[in-house]
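For reference, the structure is listed below as structure tokens.
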Amino acid sequence: MSTPRRSSLRRDWDESDVRVRPGKSTRPRTKTRPDHLDAQRAMVISKDRGRWGCAIDGDPNRRVVAMRARELGRTPVVVGDYVDVVGDLSGKPDTLARIVRVHERSTVLRRTADDTDPFERIVVANAAQLLIVVALADPPPRTGFVERALVAAYVGGVTPVLCLTKSDLADPEEFASAFADLDIDVVLGGQADDVGPVTELLNGKVTAMLGHSGVGKSTMVNRLVPDAFRAIGVVSGVGKGRHTSTQSVALPLPGGGWVVDTPGVRSFGLAHISPGDVLGAFSDLDEAAKNCPRGCTHLGPPADPECALDQLEGHPYRRAMAVRHLLAALTTNDHWA
């Protein structure tokens, strides 16, 4: 058998056979992201190691686990945020949705580790109220913690409520009187107290609970939310089989609304807040402060002998003096054991 000649194996080539791949710098790329028109709105109710628990349409019975979509980058997502989610929204075990949008926040409760730490930590977003839980005894109460929590609430646009526990061990009137001129609601939350007034204030709203360890905050959560510990295990595990006690978690109230159980704190840093931020939360006092000399810290004599707040009369004056205590709290940050 003869071997075919080399010329018979040759193929005729022309310009149509040439494939020119454009350089990397010339290839067209698009930054167009999908619109996600099918996304559903949800409320973030827990966070755990890069996974978020979400309630579709705010319905506690429609929970999904979601991750943050790549296009969001490092956009922070916190408990209380309203987000848009896509993907598997069945809520079945081992399913995962994606958070593709974070809606603008109406309120933000922030803190820092201490007054020298410039890094802000968002405790909860979109809360209507902050329930500040304080024990009247064992440990003895200190106004400093409450004042700092009030500052964070006012600056963040959150309505503060003072909840006093262990009222069987001390008279609540004495401690509550220190904040009377701020016109905040005060409720009793001791074990012997009727929980009805607290429930009435919380129903239908998103309320963050704040307090240091040992004040009875967990006991209050259990009274407000039946089977709270079981619910926390379901909500905060977000499919990973563990409960994160260092993160906030939102629990549905039987009468509607949510209570956000936050970790116990030993200090409440306010490095991100200035005196002007505090006065800005009180429109009448902010207006009066426009008559203060430049550089006034509004702390009054001897530091500020010409502070315009001292010229107010009646209830506005008393409220200004109460706010002055809040301003003074910005300069101290004790630890509450």
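Quick rundown of the values:
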read-out: Net length gained if the chain between Glu287 and Arg19 were fully extended (0.36 nm per residue, minus Cα distance); value: 89.2 nm
read-out: Segments 84-95, 209-220, 145-156 sorted - mean Cβ within 10 Å per residue, highest first; value: 145-156, 209-220, 84-95
read-out: Alpha-carbon Rg/Rh ratio, for the range 121-166, with Rh computed the Kirkwood way; value: 1.00
read-out: Cβ-Cβ FRET estimate between Ser177 and His103, R0 fixed at 35 Å, reported to 0.05; value: 0.30
read-out: Cα-based convex hull volume of the range 279-337 per residue, rounded to whole Å³; value: 99 Å³
read-out: Heavy atoms of Glu174 accessible to a 1.4 Å probe, total area in Å² rounded to 10; value: 140 Å²
read-out: Nitroxide proxy distance, nm - points 7 Å out along Cα→Cβ at Thr331 and Glu71; value: 5.1 nm
read-out: Centre separation in Å (Cα based) which lies between the range 277-322 and the range 142-193; value: 23 Å
read-out: Ranked packing of 185-193, 323-331, most packed first, by mean Cβ within 10 Å; value: 323-331, 185-193
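The values are calculated or read from the model by the stated rules, or taken from the named source; none is laboratory data. Bear in mind that the values here come from a model prediction, so they are computed numbers and not experimental data. Cβ: placed from backbone, ideal geometry, glycine included. Neighbour counts: every protein chain shown. Ligands, DNA and RNA are excluded from the accessible area calculation, which covers all protein heavy atoms including side chains. Shrake-Rupley method; radii C 1.70, N 1.55, O 1.52, S 1.80 Å.
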